[in-house]
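Data block below; observations after.
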Amino acid sequence: MNNKIKSGFRFKNGIMSFAVLCYAEKNNTNVALLLSETDGLFVTVIDLGIWQDNYIWYWGHYFSDLSEALNDYNQRLQDL
């Protein structure tokens, strides 16, 4: 996995800036809760990684409410 990605890590993709709020790895996959510093949305993602100098993920769920995002993150974490 990618040792660079962990809680507190920040990255930029194009014009979007993200902060990793929560991150966990298990069974060669990962789940993360991101804060889009660009627009204030919270994003739960699976398989966050880097490809050709950009951070990518398999899918993401977008939330405006932190508690909803945390609930989704915790559910995705249990599913790993």
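Only one item in (i) -0.47, -0.53; (ii) -0.34, -0.39; (iii) -0.38, -0.44 matches log10 I(q)/I(0) by the Debye sum over Cα atoms at q = 0.13, 0.14 Å⁻¹ derived from the coordinates shown, and that item is (ii). Partner aspartates and glutamates whose Cα lies under 19 Å from the Cα of Lys12, excluding those fewer than 8 positions away in the same chain, are identified as Glu37, Asp39, Asp47, Asp53. Within the chain, which GluC sites (Glu not before Pro) sit in a loop by DSSP and count at most 11 neighbouring Cβ atoms inside 10 Å? Answer in residue order: no site qualifies. Helices in the chain, meaning DSSP H runs of at least 4 residues, each add -39500 (n - 2.57). Divided by all residues, the mean residue ellipticity at 222 nm is -5500 deg cm²/dmol. Cβ crowding within 10 Å ranks Ile50, Ile5 as Ile50, Ile5, fewest other Cβ atoms first.
Just want the answer: with Cβ charges of +1 for Lys and Arg and -1 for Asp and Glu, which residue in Val31, Leu70, Asn54 is farthest toward the dipole's positive end in the chain? Final value for the positive-end residue is Asn54.
Here, each number is a calculation from the coordinates, and none is a lab measurement. Here the structure is a predicted model, which means the values were calculated and not measured. So basically every Cβ, Gly included, is an ideal-geometry build from the backbone, and we count neighbours across all protein chains shown.
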